[in-house]
1. Please state which one of 48, 36 is surrounded by 15 or more Cβ atoms within 10 Å (Cβ to Cβ), under 14 Å from the mean Cα position of the chain (by Cα), in contact (Cβ under 8 Å) with a residue 24 or more places away in the chain and within 19 Å of residue 126 (Cα to Cα).
2. Taking the stretch 64-110 only, how many residues are on the phi > 0 side of the Ramachandran plot and in contact with a helix residue (DSSP H, G or I) (Cβ under 8 Å, 6 or more places away or on another chain)?
3. Quick one: which of 74, 95 is part of a loop (DSSP other than H, G, I, E, B) and surrounded by 10 or more Cβ atoms within 10 Å (Cβ to Cβ)?
4. Mind telling me which of the residues 69, 82 ends up being within 16 Å of the chain's Cα centre (by Cα), modelled with pLDDT of 95 or more and part of a strand (DSSP E or B)?
5. Take residue 60 and decide whether it is outside any strand (DSSP E or B) and either over 14 Å from residue 35 (Cβ atoms) or touching a residue at least 60 places away in the same chain (Cβ under 8 Å) (or both).
6. Across the stretch 107-130, what is the number of residues that are part of a strand (DSSP E or B) and over 19 Å from residue 74 (Cα atoms)?
7. Could you say which residue among 112, 125 is within 11 Å of the chain's Cα centre (by Cα) and touching a residue at least 40 places away in the same chain (Cβ under 8 Å)?
């Protein structure tokens, strides 16, 4: 029983050590949609850079736009442990969006920690919607 409690405690601590990303619903303005990301580094290391993709989906689940950007680092400052930052994905369309009922889907493809060590984006990034 004591061993199980220790194991569960370690799992709880490990699960909270993540880059937590909260994104807002898209805000539309003509041919542009803006999706705001708020990121908090709960990892033990500084995040040197992170690359993410934002997909815009209509009410039928079809992709109507996308953008891939370095949301941390790459000509911007990194993110220290316990630090927070905001990034705005701006997605443009050749014509105005035909619906205002759009949803965003965010995915991280690369997270580089201080010293060039790669984090596992699938395990070390937790993405939540507002």
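1. On the way: 48 fails: under 14 Å from the mean Cα position of the chain (by Cα).
Being surrounded by 15 or more Cβ atoms within 10 Å (Cβ to Cβ), under 14 Å from the mean Cα position of the chain (by Cα), in contact (Cβ under 8 Å) with a residue 24 or more places away in the chain and within 19 Å of residue 126 (Cα to Cα) holds for just one of 48, 36, which is 36.
2. Number of matching residues: 0.
3. Details: 95 fails: surrounded by 10 or more Cβ atoms within 10 Å (Cβ to Cβ).
Of the residues listed, the single one that is part of a loop (DSSP other than H, G, I, E, B) and surrounded by 10 or more Cβ atoms within 10 Å (Cβ to Cβ) is 74.
4. On the way: 82 fails: part of a strand (DSSP E or B).
69 is the lone residue from the list that is within 16 Å of the chain's Cα centre (by Cα), modelled with pLDDT of 95 or more and part of a strand (DSSP E or B).
5. Details: outside any strand (DSSP E or B): yes; either over 14 Å from residue 35 (Cβ atoms) or touching a residue at least 60 places away in the same chain (Cβ under 8 Å) (or both): yes.
So residue 60 passes the test.
6. Kept after step one, since they are part of a strand (DSSP E or B), are these residues of the stretch 107-130: 107-113, 118-119, 125-129.
Retained after the next criterion (residues that are over 19 Å from residue 74 (Cα atoms)): 126-129.
Looking only at that region, the number is 4.
7. Details: 112 fails: within 11 Å of the chain's Cα centre (by Cα).
Within the list 112, 125, the selection yields 125.
The values are calculated or read from the model by the stated rules, or taken from the named source; none is laboratory data. Since the structure is predicted, the reported quantities are computational estimates derived from the model, not experimental observations. Counting neighbours? That spans all protein chains shown, and the Cβs are built from the backbone with ideal geometry, glycine included.
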